[in-house]
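A short write-up of the structure that comes next.
The values are calculated or read from the model by the stated rules, or taken from the named source; none is laboratory data. Note that the structure is predicted; figures quoted are calculated from it, not measured. FYI the Cβ positions are ideal-geometry reconstructions off the backbone, even for glycines, and counts take in every protein chain you see.
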Amino acid sequence: METVVIGVRGSHLAQAMVREYLASLVPCPVIRFKTRTITTDGDRDRKSPLSEVGGDGAFSSRLEEELLAGRIDVAVHSLKDLPTSMPPALALATTPPRADMRDALCGSTLAALRPGARVGTGSPRRIAQLKALRPDLDIVPIRGNVPPRLRRLETGLDAVVLAAAGLRRLGLEDQIADLLPLEDFPPSPGQGALGVQIRAADTELREMLSSVGDPVADAAVRAERALLAELHGGCSVPVGAYAVPAEGRGLRLSAQVTSLDGSHKVVANAFGRDPEALGAQLAATLVMSGAEHILREIRATV
Ligand SMILES: NCc1[nH]cc(CCC(=O)O)c1CC(=O)O
């Protein structure tokens with residue numbers, strides 16, 4: 001019997017993701033799946049801003065190294081934490097069925113937050129989107145795993161923003177007070193989806209894992225990630241994007257680039273059947289509509 005080793009981070013969320021993934025794999029008589037937990041730089045340092053602990057790849061690059069070195073055969077990532085550029089020897093299998101892609105507010109609904117209410121989030125995208133809609137709020141930067149972020153509600157915060165998918169996967173769905181609408185809070189590209197990464201040369205394994213993928217979710221996240229790649233963005237730039245199937249027109253991809261202070265935003269959407277072309281095309285539209293100006297300003301300040 002062949003053993004396929006799946007590498008995953010040690011956080012509760014990562015462990016829940018790999019359990020969900022294992023449950024979706026069709027039992028196979030000739031392959032046994034084994035998981036291996038890998039500690040990443042992002043896990044070791046929970047205090048510093050992400051930009052200081054390896055930035056966009058803080059959680060994923062260790063897993064990629066293990067994959068390249070042959071110590072694991074599959075890496076299960078949270079797709080939104082996986083940078084759009086990856087080593088050419090690695091590839092993604094078809095995306096598994098995607099969970100809710102929306103952001104959630106815990107502690108209060110958005111409408112019930114009074115002026116000056118303290119809202120915790122460390123994500124530049126979430127900060128910018130909140131400020132664009134509610135400039136009166138006091139945004140407090142927080143980092144860390146989901147449970148400690150939720151505990152901040154007991155120590156002075158009125159609300160925290162977290163991904164609905166992460167809360168559901170951790171069994172914390174009852175903490176969701178409000179699901180933020182996609183139009184005003186377009187999520188991080190790939191949010192709610194798992195990234196199943198393998199070595200590009202392992203074509204048989206890729207085919208087998210792709211057979212439990214969801215082609216619609218896969219097309220959507222590919223369009224979102226193509227847009228992000230074209231804008232040279234990672235998780236540190238305020239780009240929100242989401243794609244949904246559009247009757248008879250392939251996908252509809254919607255995106256928003258927001259200045260960090262929330263004062264400017266550029267919004268666009270487009271339809272198309274080729275995810276990569278759609279992402280690139282919408283990125284070009286955003287740039288022509290002034291997104292480049294916002295992004296340049298942000299790159300200069302970080
Ligand atoms: N950057 C942290 C992170 N990476 C993935 C998720 C959960 C959502 C998902 O699986 O996309 C979270 C937590 C959050 O954003 O609240």
If Glu173 passes every condition in (1) acidic (Asp, Glu); (2) closer than 16 Å to Ala111 by Cβ; (3) surrounded by fewer than 16 Cβ atoms within 10 Å (Cβ to Cβ) but one, which one does it miss? (2)
Identify, from the list Gly213, Gly192, the residue that is within 13 Å of the ligand (Cβ to nearest atom) and of a type in the set (Gly, Ala, Ser). Gly192
On the basis of being buried (at least 20 other Cβ atoms within 10 Å of the Cβ), within 29 Å of Ile139 (Cβ to Cβ), more than 16 Å from the ligand (Cβ to nearest atom) and modelled with pLDDT of 95 or more, does Val221 make the cut? no
In region 14-31, anything under 13 Å from Val74 (Cβ atoms) and touching an Asp or Glu at 6+ places or on another chain (Cβ under 8 Å) is listed as Ile31
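Collect the residues in region 262-278 that are basic (Lys, Arg) and not in a strand (DSSP E or B), keeping them in residue-number order. Give the steps one after another, and end with the answer.
Going residue by residue through region 262-278, those that are basic (Lys, Arg) are 265, 273.
Correct list: Arg273 only.
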Could you give every pair whose Cβ atoms fall below 8 Å, whose first residue belongs to region 281-302 and is free of Cβ contacts under 8 Å to residues at least 12 places away in the same chain, and whose second residue is among the small types (Gly, Ala, Ser), counting only separations of at least 6 or pairs across chains? Gln281/Ala270; Gln281/Gly272
Six or more apart or on different chains, Cβ atoms under 7 Å: show the pairs whose first residue is in region 75-89 and without any contact (Cβ under 8 Å) to a residue 24 or more places away in the chain and whose second is part of a helix (DSSP H, G or I). Pro87/Glu64; Pro87/Leu68
Filtered residues of region 83-123 (kept if under 30 Å from Arg222 (Cα atoms), surrounded by fewer than 20 Cβ atoms within 10 Å (Cβ to Cβ) and over 18 Å from the mean Cα position of the chain (by Cα)): Pro87, Pro88, Ala89, Leu90
Ala201 is checked against (1) crowded, with 19+ Cβ neighbours inside 10 Å; (2) away from the ligand (no atom under 14 Å from the Cβ); (3) of a type in the set (A, V, I, L, M, F, W, C); (4) in contact (Cβ under 8 Å) with a residue 60 or more places away in the chain and fails just one. What number does that condition carry? (1)
Has region 218-226 got any residue that is within 30 Å of Gly70 (Cα to Cα), part of a loop (DSSP other than H, G, I, E, B) and not assigned by TED's automatic domain parsing to the domain that holds Met17? no
Name every residue in region 119-147 that is touching a His at 6+ places or on another chain (Cβ under 8 Å) and within 9 Å of the ligand (Cβ to nearest atom), in order of residue number. Asn145, Val146
Members of region 238-255 that are more than 20 Å from Ala284 (Cα to Cα) and in a strand (DSSP E or B): Pro245, Ala246
Over region 281-302, the set of residues closer than 16 Å to Arg252 by Cα, among the aliphatic types (A, V, I, L, M) and either touching a Gly at 6+ places or on another chain (Cβ under 9 Å) or crowded, with 18+ Cβ neighbours inside 10 Å (or both) is Leu282, Ala283, Leu286
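If only one of Leu182, Leu150, Leu167 is more than 9 Å from the ligand (Cβ to nearest atom), of a type in the set (A, V, I, L, M) and out of contact with any Ser or Thr (no Cβ under 8 Å at 6 or more places or on another chain), which one is it?
Values: Leu182 fails: out of contact with any Ser or Thr (no Cβ under 8 Å at 6 or more places or on another chain); Leu167 fails: more than 9 Å from the ligand (Cβ to nearest atom).
Result: Leu150 is the single residue among Leu182, Leu150, Leu167 that is more than 9 Å from the ligand (Cβ to nearest atom), of a type in the set (A, V, I, L, M) and out of contact with any Ser or Thr (no Cβ under 8 Å at 6 or more places or on another chain).
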